[in-house]
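So the structure is just underneath, and the comments pick up after that.
The values are calculated or read from the model by the stated rules, or taken from the named source; none is laboratory data. Here the structure is a predicted model, which is why all the values come from computation and not from measurement. A quick note on method: Cβ atoms are made from the backbone with ideal geometry, for glycine too, and the neighbour counts reach across all protein chains shown. Accessible surface areas use protein heavy atoms only, side chains included; no ligands, DNA or RNA. Shrake-Rupley method; radii C 1.70, N 1.55, O 1.52, S 1.80 Å.
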Amino acid sequence: MHIYKKFALVYDQMDADLHSKRMVPYCNKIFKNFKIKPLNGLDLCCGTGSAIIEFEKLGVKMSGLDQSAEMLAIAAKKTKKFKTTLYQKSLPKFHLLDINDSQKHVQFDMVTSFYDSLNYMLSENDLLKTFQSVHKHLNDKGWFIFDMNTPLALKTIWDEQVYAGVKDSMAWVWQNEYNPKDKKASVHATFFKKQGKLWERFDETHYEKGYSNTVIKKLLKSTGFIIKGFYDCHTFKTATRDSYRICAVAQKK
Ligand SMILES: C[S@@+](CC[C@H](N)C(=O)[O-])C[C@H]1O[C@@H](n2cnc3c(N)ncnc32)[C@H](O)[C@@H]1O
């Protein structure tokens, strides 16, 4: 089943982009702590482009990548004034080639990915391949900053939980499950969107996988990253097995 199709139309209305908006000031603190001055960056799984806009306001020239044409269409409208380059590509493998030299990969000072996006990689091998693709697209000593849900979060916040919300012209019900054996969670999301006097219903099922801190660090190191920070997200405390969301700050060797 395709995901983030009609969901794209209600994503910002549901404030689903708030997390990534919050990640940018946090990243700015990370920049200050590590004296990072990125001139350009790529936001992986950029969705509707909200993080791109916040980074542009900080003076970072951004590009975005996502597999959903519908999410990118909204991102394109929102980022029009920044002339952002948006790529429709799927992780784990992506090749963004230099328009002037088709043999060269485009490289960035920074790659980011927020709000569970990397949890959509449903095998260790796909997560590793994603890290390898990111590595290829970073300048020497470039930075990779991302957050991920932990298995604890998927177990505690997702398992057998139902979340619902209602606004004037839309409503949603999310039914979640978690399988501790393979650390995979599913969300069966039902949306209702008002169309004139009628309500349209649409459904999407999403899958995420949680990875232990040890596995994420192992994969980053084996790809050729130095881990500069591995935080309980939104803080500068080292992530522990009690963390619900981690934020990794890694530098290309
Ligand atoms: C939870 S949304 C996060 C969007 C955005 N980063 C934000 O914080 O609002 C996850 C995004 O990942 C994208 N995505 C999921 N799997 C992907 C894949 N394999 N390749 C590229 N994009 C993917 C989806 O299309 C969606 O836009």
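Label separation (Lys21 vs Tyr244): 2.0 nm, computed from points 7 Å beyond Cα along the C-beta direction.
Once C-alpha pairs closer than 8 Å and six or more residues apart are averaged by separation and normalised to the residue number of segment 152-209, the relative contact order reads 27 percent. Kirkwood analysis of the chain, using all unique Cα-Cα pairs, places the hydrodynamic radius at 18.7 Å.
Accessible surface ranking for Lys81, Lys181, Lys194, 1.4 angstrom probe, highest first: Lys181, Lys81, Lys194. Relative contact order of the chain, taken over Cα pairs closer than 8 Å and 6 or more residues apart, is 17 percent.
One Cα centroid belongs to segment 1-68, the other to segment 183-199; the line between them spans 23 Å. By the rule of a C-alpha distance below 17 Å, with chain neighbours fewer than 8 residues away ignored, the lysines paired with Lys237 are Lys29, Lys32, Lys217, Lys228. Take the Cα of Lys77, step 7 Å toward its Cβ, do the same at Leu58, and the gap between the two points is 2.7 nm.
Per residue, the average separation of C-alpha pairs within less than 8 Å and at least 6 apart gives segment 57-104 a relative contact order of 40 percent.
In nm, what is the difference between 0.36 nm times the number of residues separating Gln195 and Lys93 and their Cα-Cα distance? Please report the intermediate quantities before stating the final value.
Working: separation 102, 0.36 × 102 = 36.72 nm, distance 3.79 nm.
Length difference between fully extended and current span is 32.9 nm.
Bridges between two residues of segment 112-183, per DSSP, are antiparallel at a rate of about 75%. In the context of the full protein assembly, Phe114 retains an accessible surface of approximately 10 Å², using a probe radius of 1.4 Å and ignoring ligands and nucleic acids.
Pop out the carbon and sulfur fraction of the accessible area of the chain as a percent, whole number, probe 1.4 Å. Don't skip to the answer; put the middle values down first.
Numbers: 6620 of 12780 Å².
Answer for the chain is 52 percent, counting heavy atoms of protein chains only.
Please go through the residue pairs Lys184/Lys253; Lys57/Lys78; Lys155/Lys184; Lys61/Lys83; Lys129/Lys184; Lys21/Lys93 and name each one whose alpha carbons sit more than 21 Å apart in this structure. Cα-Cα > 21 Å for Lys184/Lys253; Lys21/Lys93; rest within.
Please give me the summed charge of the neighbours of Leu91: other residues whose Cβ is under 10 Å from its Cβ, Lys and Arg +1, Asp and Glu -1. Spell out each step's value before the answer.
Working: positive: Lys89, Lys93, Lys129; negative: Asp66, Asp126.
So the environment of Leu91 carries a net charge of +1.
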